[in-house]
Amino acid sequence: MKSLIAIALLASAALGATAASAQQAPAPAIPAPAPAPTRTAPPRLIVAISVDQFSADLFQQYRNHFTGGFARLLTGAVFPSGYQSHAATETCPGHSTILTGMRPAHTGIVANNWIDQSVARADKTVYCAEDETVPGSDHTSYTVSDRHLKVPTLGEMMKNARPATRVVSVAGKDRAAVMMGGHKVDELWWWDGKTYASYAGRAVPRAVQRGRDAVAALVARAQAPLPLPDFCRALDRPITVAGTVYGQGRFARAAGDLKAFRASPPSDAAVFAIAAGLIQDMKLGRGRDTDIIDIGASATDYIGHSLGTQGTEMCIQMDQLDRTLGSFFDTLDGWGLDYEVVLTADHGAHDMTERQQQHAMPMESHVSADASIKAVDAAVAAALGLKGPVLLGAEGDVYLARGLSPADRARVLAAAQTRFAAQPQVAAAFTRAQIAAQPMATTPPETWTLLERARASFDPAVSGDLLVLLKPRVTTIETPAAGYVETHGSPWDYDRRVPILFWRKGMAGFEQPLSVETVDIAPTLAATIGLPVHGLDGRCLDLNPGAGDTCVR
């Protein structure tokens, strides 16, 4: 819809609006649909979607219930076993692989946060999408930046080869927008907790301002419970964790509650509404060269962390996201655009420990405080007669304190590795020397050793001196608390496996059940638009089997 597309999609997609309120938006002027493209013609628009924390397990659980956008994607090229093949299965590293074709060892994005003891501020933790040189910043109050992404994205490659290409990135998280968009973007916007933001000094496009206004009006009103689909009723069971009951939520929200909005289906609908508005206003997909828009749907991750994956909350989210995608694709169809879609995820996830224990998973456990960096640091310092801290940590990476002498560094590293490895919940503790000496794996990702998975996440410039990996089904959450009951980040397949779905009008659908990687997405999309790419970790996937290989060999 011309100037009100954002509001129209918000009203129709997962916002609990009445049919009457949706009808109040002006009807769009819909041109004739585009004819089915020929096999050799490149699409005019690439739509790259990441659903944060959309595991292959979640996809498999709900694929038979999809009737909207996901159902459409299931008629295309379906890869149910895509791999974020590295060990550090977090949001920032995962998003860095999707459109670069490179693993975190090459993107430089080894985690959401890491330690850099050389930074000129008291806070030595660095956030993956910040500029830590900005005075007065810290890793939780930062200036968003692409400085740590070491490689170009597909959008950058397209723009370098064909300067008329437009590159747009919109997401529910800054790190998703930045890592998918890259360094050369025409528009880049994310939800900052209060509104949709971008880099300082950028003018606010009309589509973004419409989205801002629509969301502000929405959040100002209380949200009634969203409907519970019939297929969700089997999951309508309570579970109490840390004094809070989960499993039966329906996203009722008090007026003004921005945090609840972020962890709900309407936040994804808003992102797609803004994306659609930018496509319309910027006339993406109508220029002489192929354009690309990257869309990061973040609500699934926020819902998973705060509410778990196996209650009514996630079931409603899957249903509403399916509807939102369907509305979005229908809108693009109505505009007559020739577009190609890829949808995947930055990582998987594992449901809350307490519910998994009820679901015949007695080996499920929270990590013990004895395995924490703080506990091991204190024990190693005491055993060696050193003044602590001697160890610093972020995520699974452990760093030796900068002031240690070479001799003490060797002693601390050996003692820390021994102590971590002795913990009953620890699967492995690798030194940076061990990881660096490991060649990059070339076999299918499900066969990789832990050391090979660690190597794919290792960058000597920012990675730790020791990497600690927990055993399967041991969560890094020591003590669950309201708002954080489930997580990810492990090297195990429930966190590594994600779906990869390609769709374009007229393509012959098929399903390939064997493993592929998210780094295969960029070279595959590049092949569909005739863009030569070289030196990537990923390989091109043939999306046209039996009708001539689309990949350049």
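The values are calculated or read from the model by the stated rules, or taken from the named source; none is laboratory data. Quantities reported herein were computed from a predicted structural model and do not represent experimental measurements. Note that each Cβ is placed from the backbone with ideal geometry, even for glycine, and that neighbours are counted across all protein chains shown.
Brief remarks on what is shown
- Checking Thr518, Thr447 one by one, the residue that is out of contact with any His (no Cβ under 7 Å at 6 or more places or on another chain), modelled with pLDDT of 95 or more and crowded, with 19+ Cβ neighbours inside 10 Å is Thr518 and no other.
- Across segment 514-525, not a single residue is classified as over 21 Å from the mean Cα position of the chain (by Cα), assigned to a strand (DSSP E or B) and at negative phi.
- Selection of segment 353-372 for residues being touching a helix residue (DSSP H, G or I) at 6+ places or on another chain (Cβ under 9 Å) and outside any loop (DSSP other than H, G, I, E, B) yields Ser365, His366, Ala369, Asp370, Ala371.
- Residue list for segment 289-343, restricted to those being over 25 Å from Gln84 (Cβ atoms) and among the small types (Gly, Ala, Ser): Gly326, Ser327, Gly334, Gly336
- Cβ pairs under 9 Å, 6+ apart, first in segment 313-334 and closer than 14 Å to Ala275 by Cβ, second of a type in the set (S, T, N, Q) and modelled with pLDDT under 95: Thr324/Ser12; Ser327/Ser12
- Residue list for segment 249-271, restricted to those being assigned to a helix (DSSP H, G or I) and among the hydrophobic types (A, V, I, L, M, F, W, C): Leu258, Ala260, Phe261, Ala269, Ala270, Val271
To keep it simple, each residue is scored yes or no on (1) assigned by TED's automatic domain parsing to the domain that holds Asp192; (2) surrounded by 20 or more Cβ atoms within 10 Å (Cβ to Cβ); (3) touching a Phe, Trp or Tyr at 6+ places or on another chain (Cβ under 8 Å).
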residue: Val208; (1), (2), (3): yes, yes, yes
residue: Ala217; (1), (2), (3): yes, no, no
residue: Arg233; (1), (2), (3): yes, no, no
residue: Ala252; (1), (2), (3): yes, no, no
residue: Ala263; (1), (2), (3): yes, yes, yes
residue: Ala276; (1), (2), (3): yes, yes, yes
residue: Arg286; (1), (2), (3): yes, no, no
residue: Ile293; (1), (2), (3): yes, yes, no
residue: Gly296; (1), (2), (3): yes, yes, yes
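- Residue that is nearest to Pro424 (Cα to Cα) [pool: residues in segment 483-513 that are among the charged types (D, E, K, R) and part of a loop (DSSP other than H, G, I, E, B)]: Glu486
- Only listed residue being more than 30 Å from Leu74 (Cβ to Cβ), in contact with a Pro (Cβ under 9 Å, 6 or more places away or on another chain) and hydroxyl-bearing (Ser, Thr, Tyr), chosen from Ser490, Ser457: Ser457
- Any hit, segment 97-107, residues being hydroxyl-bearing (Ser, Thr, Tyr), surrounded by 23 or more Cβ atoms within 10 Å (Cβ to Cβ) and within 13 Å of the chain's Cα centre (by Cα): yes
- Sole residue being under 20 Å from Pro227 (Cβ atoms) and within 19 Å of the chain's Cα centre (by Cα), chosen from Asp322, Asp351, Asp294: Asp322
- Looking across segment 325-346 at every residue that is part of a helix (DSSP H, G or I) and among the hydroxyl-bearing types (Ser, Thr, Tyr), the one that is surrounded by the most Cβ atoms within 10 Å (Cβ to Cβ) is identified as Thr331.
- Inter-residue pairs, beta-carbon under 8 Å, first not assigned by TED's automatic domain parsing to the domain that holds Lys159 and in segment 524-539, second of a type in the set (Phe, Trp, Tyr) and at pLDDT 95 or above, 6+ apart: Thr524/Phe502
Residue by residue, here is whether (1) surrounded by fewer than 24 Cβ atoms within 10 Å (Cβ to Cβ); (2) assigned to a strand (DSSP E or B) holds:
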residue	(1), (2)
Ile46	no, yes
Gln53	no, no
Gln61	yes, no
Ser81	yes, yes
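- For segment 313-327, the criterion of being in contact with a helix residue (DSSP H, G or I) (Cβ under 9 Å, 6 or more places away or on another chain), over 26 Å from Ser515 (Cα atoms) and of a type in the set (Ser, Thr, Tyr) is met by at least one residue.
- So Asp301, is it part of a helix (DSSP H, G or I) and either surrounded by 24 or more Cβ atoms within 10 Å (Cβ to Cβ) or touching a strand residue (DSSP E or B) at 6+ places or on another chain (Cβ under 8 Å) (or both): yes
Okay, residues lined up against (1) surrounded by 23 or more Cβ atoms within 10 Å (Cβ to Cβ); (2) over 16 Å from the mean Cα position of the chain (by Cα); (3) modelled with pLDDT of 95 or more; (4) not polar (S, T, N, Q):
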{"position": "Thr18", "(1), (2), (3), (4)": "no, yes, no, no"}
{"position": "Ser21", "(1), (2), (3), (4)": "no, yes, no, no"}
{"position": "Leu74", "(1), (2), (3), (4)": "no, yes, yes, yes"}
{"position": "Pro93", "(1), (2), (3), (4)": "yes, no, yes, yes"}
